Amino acid sequence: MSKLFPIKSTIDSRRSVRSYKMIPVDDEIIESIKDFAKSMPVPFDHNVEFRFFNADPTKTLYTVMKSPPNNVAFIAETDAVSISKVGFTGEFLILFAQSKGISTCWYGHYKLSELERLMPHLQSTDQLKESNMGYGYSKGETTGRRAICISPLGYYEDRGLRLMDRITKTTSSFKRKEIKELLENSDDYDKLSDDILYALDLGRKAPSAANSQMWRFAFEDNFKTITISMPVGYKHFKWEHPNVDIGICACHVWLGLIDKGYNPAVTVNEDSGRAVWKISILRQRLAI
(Lines give C-alpha, C1' and ligand atoms only; values in the text may rest on other atoms or scores of the structure.)
Protein backbone atom coordinates (compact mmCIF):
# COMPACT_ATOMS: atom_id res chain seq x y z
CA MET A 1 0.00 0.00 0.00
CA SER A 2 2.68 2.51 0.96
CA LYS A 3 4.30 1.92 -2.43
CA LEU A 4 1.42 3.82 -4.06
CA PHE A 5 3.04 7.08 -2.90
CA PRO A 6 5.27 8.21 -0.02
CA ILE A 7 2.63 8.77 2.65
CA LYS A 8 4.20 11.14 5.17
CA SER A 9 5.96 13.45 2.73
CA THR A 10 2.84 13.64 0.54
CA ILE A 11 0.63 14.59 3.50
CA ASP A 12 3.24 17.05 4.79
CA SER A 13 3.51 18.80 1.42
CA ARG A 14 -0.16 18.96 0.51
CA ARG A 15 -1.74 22.44 0.60
CA SER A 16 -5.10 23.76 -0.55
CA VAL A 17 -4.39 25.81 -3.68
CA ARG A 18 -6.59 28.61 -5.00
CA SER A 19 -4.54 29.79 -7.95
CA TYR A 20 -3.88 27.66 -11.03
CA LYS A 21 -2.22 27.85 -14.39
CA MET A 22 -4.87 27.73 -17.09
CA ILE A 23 -3.37 24.71 -18.80
CA PRO A 24 -4.57 21.09 -18.81
CA VAL A 25 -2.90 18.41 -16.74
CA ASP A 26 -0.53 16.19 -18.70
CA ASP A 27 -2.48 13.33 -20.30
CA GLU A 28 -0.40 10.60 -18.68
CA ILE A 29 -0.86 12.09 -15.21
CA ILE A 30 -4.61 12.65 -15.50
CA GLU A 31 -5.06 9.10 -16.77
CA SER A 32 -3.09 7.74 -13.80
CA ILE A 33 -5.40 9.69 -11.44
CA LYS A 34 -8.48 8.32 -13.21
CA ASP A 35 -7.11 4.79 -13.02
CA PHE A 36 -6.43 5.20 -9.31
CA ALA A 37 -10.03 6.38 -8.81
CA LYS A 38 -11.29 3.16 -10.42
CA SER A 39 -9.16 0.80 -8.36
CA MET A 40 -8.66 2.68 -5.09
CA PRO A 41 -7.88 0.12 -2.34
CA VAL A 42 -10.05 1.48 0.48
CA PRO A 43 -10.86 -0.85 3.43
CA PHE A 44 -14.67 -0.56 3.32
CA ASP A 45 -17.57 -0.63 0.88
CA HIS A 46 -18.74 2.65 -0.58
CA ASN A 47 -20.64 4.10 -3.53
CA VAL A 48 -18.85 7.42 -3.85
CA GLU A 49 -18.52 8.33 -7.52
CA PHE A 50 -15.54 10.27 -8.82
CA ARG A 51 -16.62 12.26 -11.87
CA PHE A 52 -13.91 14.06 -13.84
CA PHE A 53 -14.97 17.10 -15.85
CA ASN A 54 -13.65 20.17 -17.65
CA ALA A 55 -14.46 23.73 -16.64
CA ASP A 56 -14.19 27.18 -18.20
CA PRO A 57 -11.46 29.60 -16.98
CA THR A 58 -13.87 31.80 -15.02
CA LYS A 59 -14.82 32.37 -11.37
CA THR A 60 -18.39 31.22 -11.91
CA LEU A 61 -17.92 27.70 -10.53
CA TYR A 62 -15.57 28.28 -7.60
CA THR A 63 -16.49 31.99 -7.08
CA VAL A 64 -13.13 32.86 -5.44
CA MET A 65 -10.79 31.49 -8.09
CA LYS A 66 -10.67 30.72 -11.78
CA SER A 67 -11.29 27.11 -12.73
CA PRO A 68 -8.42 25.27 -14.38
CA PRO A 69 -9.35 22.90 -17.22
CA ASN A 70 -9.31 19.68 -15.14
CA ASN A 71 -11.57 19.09 -12.14
CA VAL A 72 -13.14 16.27 -10.16
CA ALA A 73 -16.48 15.93 -8.35
CA PHE A 74 -17.23 13.58 -5.43
CA ILE A 75 -20.81 12.36 -5.68
CA ALA A 76 -22.80 10.56 -2.96
CA GLU A 77 -25.97 10.61 -0.88
CA THR A 78 -26.27 13.24 1.85
CA ASP A 79 -26.47 11.09 5.00
CA ALA A 80 -23.66 11.46 7.53
CA VAL A 81 -21.87 8.20 6.71
CA SER A 82 -21.98 8.68 2.92
CA ILE A 83 -20.71 12.24 3.26
CA SER A 84 -17.87 11.12 5.52
CA LYS A 85 -16.91 8.40 3.04
CA VAL A 86 -16.62 11.20 0.46
CA GLY A 87 -14.01 12.78 2.71
CA PHE A 88 -12.04 9.56 3.16
CA THR A 89 -12.04 8.38 -0.44
CA GLY A 90 -11.74 11.88 -1.89
CA GLU A 91 -8.70 12.67 0.24
CA PHE A 92 -7.08 9.40 -0.80
CA LEU A 93 -7.51 10.47 -4.43
CA ILE A 94 -6.29 14.00 -3.69
CA LEU A 95 -3.16 12.69 -1.98
CA PHE A 96 -2.45 10.46 -4.97
CA ALA A 97 -2.79 13.52 -7.22
CA GLN A 98 -0.46 15.47 -4.90
CA SER A 99 2.14 12.71 -5.25
CA LYS A 100 1.99 13.33 -9.02
CA GLY A 101 2.67 17.05 -8.62
CA ILE A 102 -0.97 18.11 -9.01
CA SER A 103 -2.50 20.79 -6.79
CA THR A 104 -6.04 20.55 -5.40
CA CYS A 105 -8.54 22.29 -3.12
CA TRP A 106 -11.52 20.74 -1.33
CA TYR A 107 -14.45 22.99 -2.29
CA GLY A 108 -18.05 22.73 -1.11
CA HIS A 109 -19.38 26.21 -1.84
CA TYR A 110 -19.33 25.75 -5.59
CA LYS A 111 -22.16 27.08 -7.78
CA LEU A 112 -24.48 24.10 -8.28
CA SER A 113 -26.18 25.42 -11.41
CA GLU A 114 -22.79 25.94 -13.08
CA LEU A 115 -21.62 22.45 -12.13
CA GLU A 116 -24.84 21.01 -13.53
CA ARG A 117 -24.23 22.87 -16.78
CA LEU A 118 -20.67 21.56 -17.02
CA MET A 119 -21.36 18.10 -15.62
CA PRO A 120 -25.04 17.05 -15.49
CA HIS A 121 -25.48 14.72 -12.53
CA LEU A 122 -28.64 15.60 -10.61
CA GLN A 123 -31.67 13.35 -10.76
CA SER A 124 -34.28 16.13 -10.70
CA THR A 125 -34.65 19.89 -10.90
CA ASP A 126 -35.83 19.82 -7.28
CA GLN A 127 -32.23 19.25 -6.23
CA LEU A 128 -31.29 22.63 -7.68
CA LYS A 129 -34.02 24.21 -5.57
CA GLU A 130 -32.71 22.44 -2.45
CA SER A 131 -29.29 24.04 -2.74
CA ASN A 132 -28.38 26.52 -0.02
CA MET A 133 -28.21 29.98 -1.61
CA GLY A 134 -27.32 28.30 -4.90
CA TYR A 135 -24.28 26.51 -3.48
CA GLY A 136 -23.63 22.82 -4.03
CA TYR A 137 -24.75 21.64 -0.62
CA SER A 138 -28.29 21.45 0.72
CA LYS A 139 -29.79 22.31 4.08
CA GLY A 140 -29.63 18.97 5.82
CA GLU A 141 -30.12 15.48 4.45
CA THR A 142 -32.00 15.21 1.16
CA THR A 143 -33.03 12.46 -1.22
CA GLY A 144 -30.90 11.41 -4.16
CA ARG A 145 -27.23 11.85 -4.93
CA ARG A 146 -25.32 15.02 -5.61
CA ALA A 147 -21.77 16.33 -5.76
CA ILE A 148 -20.85 16.86 -2.12
CA CYS A 149 -17.58 18.59 -2.97
CA ILE A 150 -15.45 19.30 -6.01
CA SER A 151 -11.78 20.03 -6.50
CA PRO A 152 -9.59 21.54 -9.20
CA LEU A 153 -6.80 19.36 -10.55
CA GLY A 154 -4.04 21.56 -11.88
CA TYR A 155 -0.70 23.27 -11.61
CA TYR A 156 -0.05 25.87 -8.93
CA GLU A 157 0.28 29.50 -10.06
CA ASP A 158 1.90 31.64 -7.36
CA ARG A 159 1.44 34.92 -9.20
CA GLY A 160 -2.34 34.58 -9.12
CA LEU A 161 -2.70 34.43 -5.34
CA ARG A 162 -4.94 36.97 -3.66
CA LEU A 163 -3.42 39.12 -0.90
CA MET A 164 -5.38 37.20 1.76
CA ASP A 165 -4.12 33.88 0.42
CA ARG A 166 -0.55 35.19 0.49
CA ILE A 167 -1.00 36.11 4.14
CA THR A 168 -2.64 32.84 5.20
CA LYS A 169 -0.10 30.81 3.23
CA THR A 170 2.37 31.31 6.07
CA THR A 171 0.05 31.92 9.03
CA SER A 172 -3.20 30.59 10.47
CA SER A 173 -4.43 28.32 7.70
CA PHE A 174 -1.49 25.93 8.15
CA LYS A 175 -1.43 25.94 11.95
CA ARG A 176 -2.42 22.65 13.52
CA LYS A 177 -3.51 21.88 17.06
CA GLU A 178 -1.27 19.60 19.05
CA ILE A 179 -2.38 16.00 19.48
CA LYS A 180 -3.16 16.50 23.17
CA GLU A 181 -5.67 19.21 22.30
CA LEU A 182 -7.52 16.79 20.02
CA LEU A 183 -7.91 13.94 22.52
CA GLU A 184 -11.24 13.46 24.24
CA ASN A 185 -9.19 12.62 27.33
CA SER A 186 -5.84 14.42 27.38
CA ASP A 187 -4.55 11.97 30.02
CA ASP A 188 -4.53 9.28 27.31
CA TYR A 189 -1.56 10.90 25.61
CA ASP A 190 1.12 9.25 27.77
CA LYS A 191 -0.44 5.81 27.15
CA LEU A 192 -0.17 5.95 23.37
CA SER A 193 2.43 4.00 21.41
CA ASP A 194 4.82 5.74 19.05
CA ASP A 195 3.01 4.21 16.07
CA ILE A 196 -0.38 5.54 17.21
CA LEU A 197 1.14 8.96 17.84
CA TYR A 198 2.63 8.89 14.34
CA ALA A 199 -0.81 8.18 12.83
CA LEU A 200 -2.50 10.87 14.93
CA ASP A 201 0.15 13.37 13.88
CA LEU A 202 -0.76 12.75 10.24
CA GLY A 203 -4.43 12.94 11.22
CA ARG A 204 -4.08 16.38 12.77
CA LYS A 205 -2.57 17.63 9.49
CA ALA A 206 -5.80 16.96 7.61
CA PRO A 207 -7.47 19.98 5.97
CA SER A 208 -10.78 21.23 7.40
CA ALA A 209 -13.26 24.00 6.63
CA ALA A 210 -11.83 27.32 7.86
CA ASN A 211 -9.09 25.25 9.56
CA SER A 212 -11.58 24.37 12.31
CA GLN A 213 -9.96 21.01 13.17
CA MET A 214 -13.11 19.68 14.80
CA TRP A 215 -12.02 16.03 14.99
CA ARG A 216 -11.54 14.37 18.34
CA PHE A 217 -9.65 11.15 19.06
CA ALA A 218 -10.64 8.50 21.60
CA PHE A 219 -9.53 4.91 22.14
CA GLU A 220 -10.82 1.41 22.72
CA ASP A 221 -9.29 -2.09 23.02
CA ASN A 222 -6.42 -1.01 25.26
CA PHE A 223 -5.50 1.81 22.84
CA LYS A 224 -5.45 -0.52 19.82
CA THR A 225 -8.55 1.08 18.27
CA ILE A 226 -8.79 4.79 17.46
CA THR A 227 -12.18 6.48 17.19
CA ILE A 228 -12.46 9.67 15.16
CA SER A 229 -15.51 11.93 15.26
CA MET A 230 -16.61 15.47 15.93
CA PRO A 231 -18.26 16.41 19.25
CA VAL A 232 -21.96 15.60 19.54
CA GLY A 233 -23.99 18.59 18.35
CA TYR A 234 -21.08 20.25 16.56
CA LYS A 235 -22.11 22.78 13.91
CA HIS A 236 -19.78 24.72 11.67
CA PHE A 237 -20.74 28.37 11.24
CA LYS A 238 -20.96 28.09 7.45
CA TRP A 239 -20.02 24.60 6.26
CA GLU A 240 -22.90 22.13 6.04
CA HIS A 241 -20.83 18.96 5.83
CA PRO A 242 -18.19 18.75 8.60
CA ASN A 243 -18.48 14.96 8.31
CA VAL A 244 -16.44 15.33 5.11
CA ASP A 245 -13.61 16.69 7.23
CA ILE A 246 -13.93 13.80 9.69
CA GLY A 247 -13.53 11.36 6.80
CA ILE A 248 -10.47 13.24 5.56
CA CYS A 249 -8.88 12.98 9.00
CA ALA A 250 -9.71 9.26 9.21
CA CYS A 251 -7.99 8.73 5.86
CA HIS A 252 -4.81 10.37 7.17
CA VAL A 253 -4.82 8.26 10.35
CA TRP A 254 -5.41 5.05 8.37
CA LEU A 255 -2.57 5.87 6.00
CA GLY A 256 -0.31 6.66 8.95
CA LEU A 257 -0.88 3.18 10.39
CA ILE A 258 -0.29 1.61 6.98
CA ASP A 259 2.95 3.56 6.79
CA LYS A 260 3.97 1.88 10.04
CA GLY A 261 3.30 -1.57 8.57
CA TYR A 262 -0.18 -2.31 9.95
CA ASN A 263 -3.25 -3.64 8.17
CA PRO A 264 -5.90 -1.60 10.00
CA ALA A 265 -9.55 -2.62 10.12
CA VAL A 266 -11.83 0.33 9.40
CA THR A 267 -15.53 0.87 10.16
CA VAL A 268 -17.76 3.92 10.11
CA ASN A 269 -21.24 4.31 11.57
CA GLU A 270 -23.64 7.11 12.38
CA ASP A 271 -24.10 8.09 16.01
CA SER A 272 -26.03 11.15 17.19
CA GLY A 273 -26.13 12.59 13.66
CA ARG A 274 -22.39 12.34 13.07
CA ALA A 275 -20.04 9.85 11.47
CA VAL A 276 -17.84 7.90 13.88
CA TRP A 277 -14.81 6.14 12.42
CA LYS A 278 -13.05 3.26 14.18
CA ILE A 279 -9.59 2.26 13.00
CA SER A 280 -8.15 -0.82 14.69
CA ILE A 281 -4.67 -2.34 14.68
CA LEU A 282 -5.74 -5.56 16.39
CA ARG A 283 -4.87 -7.27 13.11
CA GLN A 284 -1.32 -8.37 12.41
CA ARG A 285 1.09 -6.13 10.61
CA LEU A 286 1.31 -6.19 6.84
CA ALA A 287 3.93 -8.44 5.31
CA ILE A 288 6.92 -6.32 4.28
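Taking residue 63 and the conditions (1) modelled with pLDDT of 95 or more; (2) assigned to a loop (DSSP other than H, G, I, E, B), which numbered condition does it fall short on, given that it satisfies the others?
Result: residue 63 fails condition (1) only.
Check residue 214 against each of (1) modelled with pLDDT under 95; (2) not in a loop (DSSP other than H, G, I, E, B) and name the one condition it does not meet.
Going through (1) modelled with pLDDT under 95; (2) not in a loop (DSSP other than H, G, I, E, B) one by one, residue 214 breaks only (2).
Being part of a helix (DSSP H, G or I), closer than 15 Å to residue 32 by Cα and of a type in the set (Val, Ile, Thr) is the requirement here; does residue 83 meet it?
Criteria not met by residue 83.
Select from the stretch 18-37 the residues that are within 17 Å of residue 74 (Cβ to Cβ) and touching a strand residue (DSSP E or B) at 6+ places or on another chain (Cβ under 8 Å) and list them in ascending order.
The answer is 30, 33, 34, 37.
If you go through the stretch 215-237, how many residues are surrounded by fewer than 21 Cβ atoms within 10 Å (Cβ to Cβ) and either under 16 Å from residue 90 (Cβ atoms) or under 17 Å from the mean Cα position of the chain (by Cα) (or both)? Break it down stepwise before answering.
Initially, the stretch 215-237 is screened for residues surrounded by fewer than 21 Cβ atoms within 10 Å (Cβ to Cβ), giving 216, 218-225, 227, 231-237.
Then drop every residue that is not either under 16 Å from residue 90 (Cβ atoms) or under 17 Å from the mean Cα position of the chain (by Cα) (or both), which leaves 216, 236.
The number of residues fulfilling the criteria is 2.
When you go through (1) farther than 18 Å from residue 95 by Cα; (2) buried (at least 18 other Cβ atoms within 10 Å of the Cβ); (3) without any contact (Cβ under 8 Å) to a residue 60 or more places away in the chain one by one for residue 186, which number turns out not to apply?
Failed condition: (2).
Please determine, by comparing only the residues of the stretch 197-214 that are loosely packed, with under 15 Cβ neighbours inside 10 Å and among the aliphatic types (A, V, I, L, M), which one is nearest to residue 149 (Cα to Cα).
So, considering only residues that are loosely packed, with under 15 Cβ neighbours inside 10 Å and among the aliphatic types (A, V, I, L, M), the one nearest to residue 149 (Cα to Cα) is 210.
Could you grab me the full set of residues in the stretch 236-287 that are assigned to a strand (DSSP E or B), more than 18 Å from residue 77 (Cα to Cα) and of a type in the set (A, V, I, L, M)?
Answer for the stretch 236-287, where residues must be assigned to a strand (DSSP E or B), more than 18 Å from residue 77 (Cα to Cα) and of a type in the set (A, V, I, L, M): 265, 266, 279.
Restricting attention to the stretch 20-50, which residues are surrounded by fewer than 13 Cβ atoms within 10 Å (Cβ to Cβ), without any contact (Cβ under 8 Å) to a residue 24 or more places away in the chain and in a loop (DSSP other than H, G, I, E, B)?
Of everything in the stretch 20-50, just one residue is surrounded by fewer than 13 Cβ atoms within 10 Å (Cβ to Cβ), without any contact (Cβ under 8 Å) to a residue 24 or more places away in the chain and in a loop (DSSP other than H, G, I, E, B), namely 45.
The values are calculated or read from the model by the stated rules, or taken from the named source; none is laboratory data. The structure presented is a predicted model; accordingly, all values stated were derived computationally and were not measured. Every residue, glycine as well, gets a Cβ built from its backbone with ideal geometry; the counts of neighbours run over all protein chains shown.
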